[in-house]
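One structure is given here, and the rest of the page talks about it.
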Amino acid sequence: MVDLKRPIAELVADVQAAKVSAVTLVQASLDRISETADYHTVLELNEAALEQAAGVDGRVAAGEQLPLAGVPFVAKDNYLTLGTHTTAASNILKPFKAPYAGPVIERLLAAGAVLVAKVNLDAFAHGSSTENSDFGPTKNPIDPTRVPGGSSGGSAAAVALGQAAFALGSDTGGSIRQPASFSGVVGLKPTYGLVPRTGVVAMGSSVDVLGPLTNSAADAALVLDIMAGRDASDATTLERDPETYAVKSGDLKGLKIGLIKEYMEEGLSPVIRRHTEEMVAQLEARGAVVTPVSLPATKLALAAYYILVPAEVSSNLARYDGIRYGHRSAKATNLEETYRLSRAEGFGAEAKRRIMIGTYVLSSGYYDAYYKRAQKVRTKLVEEFETAFKKYDLLLGPTTPTVAFPLGAKAHDPLAMYLNDVCTVAVNLVGVPAISLPMGTEDGLPVGLQLIAPQRAERALLEASVAVEDMVGDWRARA
Amino acid sequence: MSKLGTDEVERIARLARIQLSAEEIATMSTELGQIVGFVEQLQSVDISEVEPTDQVTGLVDVWREDEVRPSMSREELLVNAPAQKDGYIVVKRVKNG
């Protein structure tokens, strides 16, 4: 039986050497999805996956060298893809079939990867548990009575369950790293602008980034190497590093690492604190120099985030009006009602809440007090990170203050749900890259370590991550 | 916890073009009040010497060539429209009667 949790480089080598076919890998992915259907990761299968895998086998047979030959992957359902629906897990986009796919999907397909399924998320990526999906929650891959995290919860669970070799996610405030932490996989959030956002349902355009969820840092590096780089369709994209991102090893000796004090304070689970402190001790034993660093503005990051991102959400979700695509209310008698009723019927509670907050903070008389003030707090945050990175190569802390919580535990308390992102949102507002790596367990549930690097320092971040993984060993064995 | 007045919730819902039920307005009044109460903590931060951040990577003036490129056909783009006729999207009348 094919194990999709093997290193992607090995899967690719086997396909290139004709030891295994792309069709076999994709069939294994489909079989595994079917065996583990109870976790509700998948919203829709790509019906053409096996046919497309055969196409990859043909390209390999014709002598093409494909960096992701035959590798089955799943995409969060806010990625536009051809041949399936793209719903963003929302009722308002339930009927929507995208007329194009973005550069990330095109690059991955050109590299020989095969899209097997579209997976679940909190509707429009609003949430930290996938419970805001209009199509029902995904279950935690380690404990199905708990949430997998979110919003890329379907992506994280799919990788953890071995349904695909990697998954695509999006991260606006922690939506790749937090579910990676809750589900025991690796989640990479690149520098803002390194990966083109075209072809993904927009949430907070000044912070949204796309990245992979994988079984290892080396896998994340391999996938990022295909995803990254400028595209003319997204004017905010950056030039990629001319060297490969697909690093295979790294050294911790001599690295200067700052332990973010504010992430080690109240609200942090004592077990996660202990795991983080053990990481620090082991890093020092391997020659890294770890010292505590205070970033006081990180305490304000969540409040700034919940002004800025809802403001951008309210603008980005204005396009869902029932006119050109998506759900249109059958009850409307005039144009105004078409807008109001289509949006009332099509948006779930969290999307409505965020649109309402965003509309409020941008409305006449409130703009300076909320939005502009939050953008200034964001400046303080940017400056603190810039100062820290003059002294440190990397910053470190836990990814989340707690382990995965039970399904339903926070579903009726939006503010408690928002507090899940307390260790992850600052990174988005500053635009720097970060990764979550499994570092141990609490009562059997995964605990994530977050490493943060300066903008465009993905290679250094990934090299350190590979070395940290080696240092951690089997995280499941660390209670 | 503070609440946001129901008048205010209704005003925002009108601006956002979302029809809310009476029950939703009551819930939103509490929930939005809590969230606005939470973000109020920024009001005490000294930001007098600080400029706002609109973007974080420092990119400026990204240009592309102004050239004709292939685009999607009308049929492809209309395929998702909930109602259409003769290549146009059909909508309800702008005003009643």
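Per the conditions (1) more than 8 Å from chain B (Cβ to nearest Cβ); (2) open to solvent by less than 10 Å² (accessible area, probe 1.4 Å); (3) out of contact with any Phe, Trp or Tyr (no Cβ under 7 Å at 6 or more places or on another chain); (4) touching a residue at least 60 places away in the same chain (Cβ under 8 Å), the sole criterion not satisfied by residue A:346 is (3).
Evaluated against (1) aromatic (Phe, Trp, Tyr); (2) under 16 Å from the mean Cα position of the chain (by Cα); (3) on the phi < 0 side of the Ramachandran plot, residue A:100 falls short on exactly one condition, (2). If the condition is being away from chain B (no Cβ under 14 Å), more than 14 Å from residue A:149 (Cβ to Cβ) and in contact (Cβ under 8 Å) with a residue 40 or more places away in the chain, then region A:388-423 contributes A:388, A:391, A:392, A:393, A:394, A:395, A:396, A:397, A:408.
For region A:192-211, the set of residues classified as under 18 Å from residue A:429 (Cβ atoms), of a type in the set (Val, Ile, Thr) and surrounded by fewer than 24 Cβ atoms within 10 Å (Cβ to Cβ) consists of A:207 only. Kindly indicate the residue of region B:32-61 that is at the interface with chain A (Cβ under 7 Å from one of its Cβ atoms) and touching a Lys or Arg at 6+ places or on another chain (Cβ under 6 Å) and also surrounded by the fewest Cβ atoms within 10 Å (Cβ to Cβ) among those meeting that condition. Residue satisfying both the conditions and the ranking: B:52. Applying a threshold of 9 Å to beta carbon distances and a minimum spacing of six or more residues, or different chains, the list of pairs starting in region B:66-86 at a residue that is open to solvent by 100 Å² or more (accessible area, probe 1.4 Å) and ending at one that is among the aliphatic types (A, V, I, L, M) reads B:71/B:77.
Could you tell me whether residue A:56 is in contact (Cβ under 8 Å) with a residue 12 or more places away in the chain, open to solvent by less than 40 Å² (accessible area, probe 1.4 Å) and β-branched (Val, Ile, Thr)?
Numbers: in contact (Cβ under 8 Å) with a residue 12 or more places away in the chain: yes; open to solvent by less than 40 Å² (accessible area, probe 1.4 Å): yes; β-branched (Val, Ile, Thr): yes.
So residue A:56 fits the description; yes.
The listed residues are A:318, A:301, and the only one of them that is surrounded by 24 or more Cβ atoms within 10 Å (Cβ to Cβ), assigned to a helix (DSSP H, G or I) and more than 7 Å from chain B (Cβ to nearest Cβ) turns out to be A:301.
Does region A:129-136 include one or more residues that are farther than 23 Å from residue A:196 by Cα and among the charged types (D, E, K, R)? Yes, the conditions are met somewhere in region A:129-136.
So, residue A:338, is that one more than 10 Å from every other protein chain (Cβ to nearest Cβ) and either crowded, with 21+ Cβ neighbours inside 10 Å or touching a Ser or Thr at 6+ places or on another chain (Cβ under 7 Å) (or both) or not?
In short, no.
Residues of region A:279-290 that are in contact with a strand residue (DSSP E or B) (Cβ under 8 Å, 6 or more places away or on another chain) and either open to solvent by 70 Å² or more (accessible area, probe 1.4 Å) or free of Cβ contacts under 8 Å to residues at least 60 places away in the same chain (or both): A:284, A:288, A:289.
Here A:57, A:77 are screened, and the one residue that is farther than 30 Å from residue A:18 by Cβ and more than 14 Å from every other protein chain (Cβ to nearest Cβ) is A:77.
Only one of the numbered conditions (1) modelled with pLDDT of 95 or more; (2) farther than 24 Å from residue A:334 by Cα; (3) more than 7 Å from every other protein chain (Cβ to nearest Cβ) is violated by residue B:24, and that is (2).
Return yes when residue A:309 is touching a helix residue (DSSP H, G or I) at 6+ places or on another chain (Cβ under 9 Å), buried (at least 21 other Cβ atoms within 10 Å of the Cβ), more than 21 Å from residue A:123 (Cα to Cα) and more than 7 Å from chain B (Cβ to nearest Cβ) and no when it is not.
No, not satisfied.
Residue-wise test of (1) among the β-branched types (Val, Ile, Thr); (2) touching a helix residue (DSSP H, G or I) at 6+ places or on another chain (Cβ under 8 Å); (3) within 28 Å of residue A:474 (Cα to Cα).
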{"site": "A:203", "(1), (2), (3)": "no, yes, no"}
{"site": "A:206", "(1), (2), (3)": "no, yes, no"}
{"site": "A:213", "(1), (2), (3)": "no, yes, yes"}
{"site": "A:218", "(1), (2), (3)": "no, yes, yes"}
{"site": "A:225", "(1), (2), (3)": "no, no, yes"}
{"site": "A:253", "(1), (2), (3)": "no, no, yes"}
{"site": "A:256", "(1), (2), (3)": "no, yes, yes"}
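Of all residues in region A:9-37, those that are over 30 Å from residue A:143 (Cβ atoms) and open to solvent by 20 Å² or more (accessible area, probe 1.4 Å) have Cβ atoms under 9 Å from Cβ atoms of residues that are modelled with pLDDT under 95 and among the aliphatic types (A, V, I, L, M), 6 or more apart or on another chain, in A:20/A:2; A:24/A:2.
Looking at region A:411-419, is at least one residue touching a Ser or Thr at 6+ places or on another chain (Cβ under 9 Å) and open to solvent by less than 10 Å² (accessible area, probe 1.4 Å)? Within region A:411-419, one or more residues are touching a Ser or Thr at 6+ places or on another chain (Cβ under 9 Å) and open to solvent by less than 10 Å² (accessible area, probe 1.4 Å).
For region A:213-234, which residues satisfy the criterion of being small (Gly, Ala, Ser) and modelled with pLDDT of 95 or more?
Answer for region A:213-234, where residues must be small (Gly, Ala, Ser) and modelled with pLDDT of 95 or more: A:216, A:217, A:218, A:220, A:221, A:228, A:229.
The values are calculated or read from the model by the stated rules, or taken from the named source; none is laboratory data. This structure is a prediction, so every number in the text was calculated from the model and none was measured. Don't worry about glycine lacking a Cβ; one is built from the backbone with ideal geometry, like all the others, and counts go over all protein chains shown. Quick note on the areas: whole protein, heavy atoms, side chains included, nothing else; ligands and nucleic acids left out. Shrake-Rupley method; radii C 1.70, N 1.55, O 1.52, S 1.80 Å.
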